[in-house]
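A quick write-up on the structure given underneath.
The values are calculated or read from the model by the stated rules, or taken from the named source; none is laboratory data. Since we're looking at a predicted model, the values are computed, not measured. Glycine also receives a Cβ, built like all others from the backbone with ideal geometry; neighbour counts cover every protein chain displayed.
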Amino acid sequence: MPISALRPALAPTLILLIILLTACSASSNTPPPRQQQADQQAAQQQPQPAPTEQPQPPARQQQAAPTRQQEQQQAQQSAAPAQAEQQQIAQPSAPQTQQQTQQQVRQQTTQQQPQPDLPADLRVVVLFGDLTEVVYALGAGHVIVGRDASSIYPPEAELLPNLGFNQELSAEGVLSLEPTLVIGSPTAGPPEVLEQIRGAGVEVVIVEDLYTFDAPALKIRAIGTALGLEQRAETLIADVEARIDAVLRDVAARYAETQQRPSVLFLYVRRNAPQLVAGEDSPAAAMIEAAGGADAGTRSGIYGFAPLTPEAVVAADPDALLVMRRGVESLGGVESLRDVPGIAQTRAWRDRRVIVMDDLYLLGFGPRLPEALADLAAEIHRLTEE
Ligand code: HEM
């Protein structure tokens with residue numbers, strides 16, 4: 001067959017061949033979508049060129065397991081939304097500052113000092129939360145063998161045997177722990193129980209309770225002396241006093257700008273405890289006034305802690321309520337305050353102006369007093385801005 005006769009037959013074949021070749025090369029350059037993703041992932045996993053000439057650690061080191069610190073940070077981060085939610089219910093003004101400061105202080109006080117040299121047979125029972133906190137802050141938490149119900153800080157204190165409410169102690173309960181030293185607040189008792197304890201040969205030290213900014217120094221010094229840790233006590237006092245001075249300067253500067261002093265009523269609410277309001281000469285009034293508020297209890301003629309009655313609450317007519325966290329949580333949370341007689345009738349409740357702070361942090365007048373005062377001042381100041 002002459003070549004010329006083949007040409008018309010070859011032309012379509014050649015065209016078909018070219019189309020097939022083109023299609024083949026195109027399909028080998030374009031992977032299916034899933035492979036595309038895998039390629040992209042692989043490309044992302046490729047070690048990136050080093051920005052500098054510095055030697056890079058091997059890949060395995062880069063992917064090392066998270067350290068304990070990282071794990072704790074991750075745990076805190078994942079816990080954060082839950083905390084924020086809880087905080088919003090408790091405090092409509094979302095007081096992040098308070099939470100942050102408390103965390104910092106907690107870190108400071110749990111990074112305890114090395115254990116001091118103390119007599120091997122020293123066994124201490126501590127009968128109020130602020131005093132327990134001071135013993136720990138002096139680095140002597142390990143000699144405590146028992147505590148009262150209010151001793152809930154630092155958290156490890158709650159692992160110790162609980163002797164109950166410090167005004168209703170039993171001599172048998174205390175003595176069963178074989179203490180060599182009992183440190184208590186002036187409210188510890190009943191008095192005959194303390195006499196029995198003394199009668200059994202146990203030294204009992206009662207630490208004066210003050211609701212002024214001298215209180216932390218006084219308590220730290222008294223407990224330092226009782227434990228033979230005078231030098232440590234003076235170091236701690238100097239630190240706490242410097243922090244108190246700094247906070248008082250800040251609060252004074254803030255209130256120099258505004259004359260507004262929102263009125264705040266402190267409520268003592270707790271399951272298994274009497275419901276009380278606080279007024280003049282109470283630790284709550286001292287904190288509220290120093291933080292730039294006006295103590296609503298004092299204004300309405302309440303002295304010290306008095307029974308919480310609807311009349312007392314309505315007469316006080318506060319701008320805001322102040323409660324302690326564990327106390328209000330033991331009732332079922334802030335919303336349960338509506339069931340406390342009189343509360344639902346207050347403006348403060350209708351506007352949901354409820355400040356919640358940790359119990360001993362707020363009213364302990366111990367080593368964390370400066371930070372507690374700063375946080376309360378921030379909360380009260382926020383009320384002036386709403
Ligand atoms: C400075 C003021 C006060 C502070 C900082 C304070 C703090 C505390 C704390 C932290 C607890 C332990 C709560 C718990 O385990 O969740 C507690 C328990 C208790 N408090 Fe207070 N408290 C104060 C004043 C009072 C007053 C004036 C009374 C009554 C007269 C009182 C009666 C009680 C009772 C009965 C308990 C035991 C409750 C129970 O066993 O469940 N507290 N307090």
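Being in contact with a helix residue (DSSP H, G or I) (Cβ under 7 Å, 6 or more places away or on another chain), surrounded by fewer than 18 Cβ atoms within 10 Å (Cβ to Cβ) and closer than 20 Å to Asp281 by Cβ: is that true of Glu230 here?
no
Scan Val277, Val314, Val251 and give me the residue that is outside the structural domain of Gly129 (by TED's automatic domain parsing) and either surrounded by 21 or more Cβ atoms within 10 Å (Cβ to Cβ) or on the phi > 0 side of the Ramachandran plot (or both).
Working: Val314 fails: either surrounded by 21 or more Cβ atoms within 10 Å (Cβ to Cβ) or on the phi > 0 side of the Ramachandran plot (or both); Val251 fails: either surrounded by 21 or more Cβ atoms within 10 Å (Cβ to Cβ) or on the phi > 0 side of the Ramachandran plot (or both).
Val277 is the lone residue from the list that is outside the structural domain of Gly129 (by TED's automatic domain parsing) and either surrounded by 21 or more Cβ atoms within 10 Å (Cβ to Cβ) or on the phi > 0 side of the Ramachandran plot (or both).
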Subject >> Residue among Gly141, Gly173 that is of a type in the set (Gly, Ala, Ser) and more than 25 Å from the chain's Cα centre (by Cα) >> reply: Gly173
Original post:
Considering only the range 164-180, how many residues are small (Gly, Ala, Ser) and within 15 Å of the ligand (Cβ to nearest atom)?
Top reply: 3
Original post:
Does the range 208-219 contain at least one residue that is surrounded by 15 or more Cβ atoms within 10 Å (Cβ to Cβ) and among the β-branched types (Val, Ile, Thr)?
Top reply: no
Original post:
Pairs, please: C-beta under 8 Å, at least 6 apart or cross-chain, first residue assigned by TED's automatic domain parsing to the domain that holds Arg325 and among the hydroxyl-bearing types (Ser, Thr, Tyr) and in the range 351-372, second away from the ligand (no atom under 12 Å from the Cβ) and modelled with pLDDT under 95?
Top reply: Tyr361/Gln102; Tyr361/Val105
Original post:
How do the helices (runs of 4 or more DSSP H) wholly within the range 192-290 filter down when requiring 2 or more residues that are within 15 Å of the ligand (Cβ to nearest atom): which remain?
Top reply: 215-227, 283-290
Subject >> From Glu234, Glu257, residue being under 30 Å from Trp349 (Cβ atoms) and of a type outside the set (S, T, N, Q) >> reply: Glu257
**OP:** Identify, by number, the condition in (1) within 32 Å of the chain's Cα centre (by Cα); (2) surrounded by fewer than 18 Cβ atoms within 10 Å (Cβ to Cβ); (3) assigned to a loop (DSSP other than H, G, I, E, B) that Glu178 doesn't meet.
**Re:** (1)
Subject >> Yes/no for Tyr136 being within 14 Å of the ligand (Cβ to nearest atom), within 30 Å of Ala291 (Cα to Cα) and within 24 Å of the chain's Cα centre (by Cα) >> reply: no
Original post:
Taking interchain pairs and intrachain pairs at least six residues apart, which have beta carbon atoms under 6 angstrom, with the first residue in the range 127-138 and outside any helix (DSSP H, G or I) and the second more than 11 Å from the ligand (Cβ to nearest atom)?
Top reply: Leu127/Gly184; Leu127/Ala188; Leu138/Leu229; Leu138/Arg232
Subject >> Residues satisfying the stated conditions in the range 141-163, i.e. surrounded by fewer than 18 Cβ atoms within 10 Å (Cβ to Cβ), within 14 Å of the ligand (Cβ to nearest atom) and not hydrophobic (A, V, I, L, M, F, W, C) >> reply: Pro154, Pro155, Glu158, Pro161, Asn162
Original post:
Across the range 329-345, which residue is nearest to the ligand (Cβ to nearest atom) among those that are touching a residue at least 60 places away in the same chain (Cβ under 8 Å) and not acidic (Asp, Glu)?
Top reply: Ser330
Original post:
Any chance the range 317-337 includes a residue that's over 28 Å from Ser151 (Cα atoms) and among the hydrophobic types (A, V, I, L, M, F, W, C)?
Top reply: no
**OP:** Look at the range 346-361 and say how many of its residues are more than 16 Å from the ligand (Cβ to nearest atom) and of a type in the set (Asp, Glu).
**Re:** 1
Subject >> Flag for Pro114 being at pLDDT below 95 and either of a type outside the set (A, V, I, L, M) or part of a strand (DSSP E or B) (or both) >> reply: yes
